[in-house]
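Okay, structure first, notes after.
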Amino acid sequence: MKRKKIKALIESGTVGSQVKVSGWVRSFRNDRFIAINDGSCIQTMQIVIESEKLTSDVLTQITVGSALTVVGTMVESQGRGQTIEIHAEEIKVVGHADTEAISKTILQPKRHSLETLREQAHLRFRTNTFGAVFRIRHHLAFAIHKYFNDRGFFYLHAPIITGSDAEGAGEMFKVTSLDLKSIPKNDTGEVDFSEDFFGKETHLTVSGQLEAELGALGLGQVYTFGPTFRAENSNTSRHLAEFWMIEPEIAFADLEDDMDLGEEFLKYCVDYILQNCKEDIEFLDNRSVQEDKGKPQAERNELTLTERMELIVNNQFERITYTKAIEVLERSKPYKKKKFKFPVEWGTDLASEHERYLVEKHFKKPVIIYNYPASIKPFTCGIMTIIRQLLLWMFYFQA
């Protein structure tokens, strides 16, 4: 018999048929009810044991975290929390989890902090939080490729190891095959990279923009979507050493085309997640609400996660010039009461607190700011910068 995924069984809702499922035990209570999950969705499948059909040797091997394969009959559930369940006729313990060891892990049936999850990387994918996040990430990556493919863009794989600094886009991690205990030097006392693998100084890429620009000049419209690396030693939620970046480039496009694409792209991706990841979004929504209860009132989100995402999908993005943004900030109450930590004046870059005020308090929807002074935003007219700007706005609504 071929194994069925729990998601497919729940969606079909078919009762009376014999099925085969495999998964990991989330809970085992009263020596009769087992909840297993196989990662295909956030829901568990309840397995009901008819003890006379199973030996005690099998039952003693069933512990939280163990891997099981179950053959049984799908029936309507009489209990709360599920519509269907499986009455087990055969249970095979594929992998036994030691009870004492499990008691010290995040597989215990209780809520764990993200710090605790971070400390047990080998198990965190089995938790609802990480399962939801990575299912959403998968669907989002698919939506990104589908969006660009359906609009005639060509996908480019930009080099990960490169000798280019992408026009000074950020601090870079150096890549070398040289023996660090015996580094060759040239006549001037500097590192002799001619003896390195590539014969020159190389780094992990900070951007695929330059390759995308070249591709657009021949293919018309292209995009890169791959890992990028920044070596800024800044420990904030907005700085990552490694992240995946989307960089479209279009020939013969103007700033209006760039902004149109950026807005449509974000709305498409967020809407795709809302339509295809409802249960995972709902779970993260509830988790966010519970976390907010422990925060001061001023730090709590005014809208739920779903509401923040719907705000992106259902609103036309506000488009204002940098000059207009400065004018709005200078008329704001936080500015007049000197509550902004960073200065507001024409010619300086906007800080996070200024951007959040514009998005969350003044316009109450996503905002695109364009026509920055060239001295602080030399690439504002590029679509890559516009997309980045829009992703920041979405981040603020989901922070």
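The values are calculated or read from the model by the stated rules, or taken from the named source; none is laboratory data. These numbers were taken from a predicted model, which means no experiment stands behind them. Don't worry about glycine lacking a Cβ; one is built from the backbone with ideal geometry, like all the others, and counts go over all protein chains shown. Only protein heavy atoms, including side chains, enter the accessible area calculation; ligands, DNA and RNA are left aside. Shrake-Rupley method; radii C 1.70, N 1.55, O 1.52, S 1.80 Å.
Overview of values
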quantity	calculated
Kirkwood-based shape ratio for region 211-284, expressed as Rg/Rh from alpha carbons	1.07
Relative contact order (%) - region 18-58, alpha-carbon pairs under 8 angstrom, separation at least six	29
Using distinct alpha-carbon pairs, which all enter the 1/r mean, Kirkwood radius of region 86-190 in Å	20.4
Size of charge dipole - region 243-368 - debye, nearest 20, with Cβ of Lys, Arg +1 and Asp, Glu -1, no other charges	1180
Accessible surface, per residue, of region 161-259 when the full set of protein chains is kept, probe 1.4 Å, Å²	60
Shape parameters for region 135-184, alpha-carbon atoms, Rg then Dmax in Å	17.8, 52
Cα gyration tensor shape for region 166-244, rounded if a/c is under 1.5, else prolate or oblate	oblate
Largest to smallest accessible area among V191, V359 [probe 1.4 Å]	V191, V359
Efficiency of FRET from Cβ geometry, A374 and F173, R₀ 35 Å, rounded to 0.05	0.75
Distance histogram for region 35-134 (every C-alpha pair counted, 5 angstrom bins, percent rounded to whole numbers)	2, 11, 19, 21, 20, 15, 8, 3, 0
Area of L240 that stays accessible when all protein chains are in place (1.4 Å probe, Å², to 10)	100
Accessible-area order (highest first, 1.4 angstrom probe) of the listed residues D257, D196, D57, D179	D57, D179, D257, D196
Choice from G39, G131, G16 with maximal GNM fluctuation in the chain (Cα, 10 Å cutoff)	G16
Estimated [θ] at 222 nm from DSSP helical runs (n ≥ 4, -39500 (n - 2.57)) normalised by residues in the chain, nearest 500	-10500 deg cm²/dmol
Candidate aspartates and glutamates for bridging to K92, where Cα separation is under 20 Å - those fewer than 8 sequence places away on the same chain excluded	D31, D38, E50, E52, D57
Length-normalised contact order for the chain - Cα pairs under 8 Å, 6+ apart - percent	10
Separation of the Q275 and N235 label points, Cα + 7 Å toward Cβ, nm	4.3
H112, H354, reordered so the largest accessible area comes first (probe 1.4 Å)	H112, H354
Hits among aspartates and glutamates - C-alpha to C-alpha of K278 under 14 Å, sequence gap 8 or more where chains match	E11, E307, E310
Rounded, prolate or oblate (a/c below 1.5 giving rounded, otherwise prolate when a/b exceeds b/c) for region 253-357 by Cα gyration tensor	oblate
Where labels lie 7 Å past Cα in the beta-carbon direction, separation of R137 and D150 in nm	2.4
Full-stretch length increase - F252, V71 - with 0.36 nm per residue and alpha-carbon distance subtracted	59.2 nm
Kirkwood hydrodynamic radius of the chain, from inverse mean 1/r over distinct Cα pairs, in Å	25.2
Per-bin percent of Cα-Cα distances, region 82-131 [5 Å]	4, 15, 22, 17, 18, 14, 7, 2, 0
Region 254-313: C-alpha pair distances exceeding 20 Å, %	41
Sequence-distant lysines (8 or more away, or on other chains) whose Cα lies within less than 29 Å of K333	K293, K295, K324, K341, K361, K364, K365, K377
Prolate/oblate/rounded call for region 1-55, Cα gyration tensor, a/c under 1.5 rounded	oblate
